[in-house]
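The values are calculated or read from the model by the stated rules, or taken from the named source; none is laboratory data. Keep in mind the model is a prediction, meaning the values are calculated, not measured. Positions of Cβ are generated from backbone atoms using ideal geometry, with glycine treated the same way; all protein chains shown enter the neighbour counts. Calculation scope for accessible area: heavy atoms of the full protein, side chains included, ligands and nucleic acids excluded. Shrake-Rupley method; radii C 1.70, N 1.55, O 1.52, S 1.80 Å.
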Amino acid sequence: METGTPTVVTQRPLFEPARLRLPYLHALLRNKQARWALLLLIPLILLAWLAPLLPLSPPLESNVRASLNAPSLQHPFGTDKLGRDVLSRTLSGIRVSLLVGITVSVLAMAGGMLIGTLSGFFGRRVDRSIMAAVDVFLSFPSLLLAIGLVATLGAGTLPVIMAITIADLPRMIRLQRSIVLSLKSRAFIDAARIVSAPKSWLMWKHIMPNTLAPMLVAGSITAANAILTEAALSFLGLGITPPAPSLGNIIHDGQMYLQQAWWISVLPGLVILLITISLHFFSDGIRIVLDPKSRQ
């Protein structure tokens with residue numbers, strides 16, 4: 001048999017990168033869950049992005065005379081104890097939350113797909129070593145692990161992103177490994193092995209493309225969980241450091257005034273709820289569009 005890159009006649013993979021082209025984007029837009037998610041997310045993203053152009057006070061500008069003002073036309077979300085506009089601070093906090101959520105999701109997906117593929121594909125000592133480390137991290141609750149990592153790395157946006165990524169990475173690795181183990185027994189992988197296809201070629205051309213669809217679903221859920229974790233860390237004083245606004249520390253600032261100024265904590269809390277629900281709806285839409293079994 002001649003050497004070189006083998007030509008293999010295989011069955012059509014479960015998922016191809018081409019599925020992300022225009023027809024599949026149209027299918028995603030036609031999906032009910034995805035439409036609801038976009039209807040909730042797009043206005044929030046646009047408002048957060050265009051916040052500097054809106055007629056709002058800067059998020060750090062204080063006015064003691066306007067302290068604890070109720071929601072009005074001038075201040076739609078009211079003001080806090082220092083007279084800062086809660087809507088302006090909430091929009092700034094949305095930018096931080098989306099930055100953390102998207103970055104954590106991308107990093108956890110990339111690391112999980114790479115390490116999980118190596119673990120599931122090679123097996124034996126590689127698998128045992130990786131899974132031993134993963135089990136150690138999974139023995140801690142993700143929020144508790146993130147708190148410990150932030151306490152070690154320090155507060156701030158970058159340490160929070162790193163801490164939440166490390167806390168979420170083991171679950172992504174385990175998910176990717178389980179998908180790879182199920183793919184290894186498929187007919188098209190066996191056909192490629194019969195003609196001595198290189199292992200690297202099998203991983204990049206057959207294994208990893210077929211894991212992208214479920215990992216995209218997991219990635220959107222990871223983004224929602226990362227936003228909640230960042231808010232929890234900031235609420236506890238371990239995340240984004242004041243006076244920089246974050247949805248978590250805005251809620252923390254208003255907890256002492258819930259009876260007389262409920263809007264400081266309740267309205268940013270509702271924003272967090274909308275973002276996380278939207279991302280979960282969006283993950284359902286991705287699953288239905290990209291998973292052939294869901295479309296049957």
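Ranked by the mean number of other Cβ atoms within 10 Å per residue, highest first, peptides 236-242, 183-189 order as 236-242, 183-189.
Based on the Cβ-Cβ distance from ILE42 to LEU143, what FRET efficiency comes out when R0 is 30 Å, to the nearest 0.05?
The formula returns an efficiency of 0.55 here.
For the chain, the relative contact order is 28 percent, taking Cα pairs closer than 8 Å that sit 6 or more residues apart in sequence and dividing their mean separation by the residue count.
Any idea how many Lys pairs in the chain come in under 21 angstrom at the alpha carbon, given 8 or more places apart or on separate chains? Walk me through the numbers on the way to the answer.
Working: LYS32/LYS293; LYS184/LYS199; LYS184/LYS205; LYS184/LYS293.
So the count of such lysine pairs works out to 4.
Near ILE147: Cβ cut-off under 15 Å, other residues only, Lys/Arg at +1 and Asp/Glu at -1. The net charge is -2.
Determine the sum of side-chain charges near TRP36: Lys and Arg each +1, Asp and Glu each -1, restricted to other residues whose C-beta is under 15 angstrom from that of TRP36.
On the way: positive: ARG30, LYS32, ARG35, ARG287; negative: ASP284.
Net of charged neighbours comes to +3.
Seen from THR90, the other residues with C-beta closer than 11 Å to its C-beta sum to a net charge of +1, counting Lys and Arg as +1 and Asp and Glu as -1. Based on DSSP H segments of at least four residues, each scored -39500 (n - 2.57), the chain has a per-residue ellipticity at 222 nm of -22500 deg cm²/dmol.
What whole-number value in cubic angstrom gives the convex hull volume per residue for the C-alpha atoms of the chain?
On the way: hull volume 46.7 nm³, N = 296.
Convex hull of Cα atoms, per residue: 158 Å³.
Mind ordering 139-147, 125-133, 111-119 by average Cβ neighbours within 10 Å, highest first? If you can, show how the numbers build up before the last one.
Values: 139-147: 15.9, 125-133: 13.3, 111-119: 21.1.
Highest to lowest by the protection proxy: 111-119, 139-147, 125-133.
Between region 27-71 and region 95-140, what is the separation of their alpha carbon centroids in Å? Here the answer is 32 Å between Cα centres. Note down the nm distance, to one decimal, between modelled labels 7 Å out along Cα→Cβ at LEU114 and at LEU274. About 3.7 nm, to one decimal. Here is what passes the span test in the chain: the DSSP H helices with alpha carbon length of 27 Å or more along the helix axis and a Kyte-Doolittle mean of 1.6 or above are 263-290.
How do ILE179, ILE275 stack up against each other in accessible area, from largest to smallest, with a 1.4 angstrom probe?
Values: ILE179 25, ILE275 0 Å².
The ordering from most to least exposed comes out as ILE179, ILE275.
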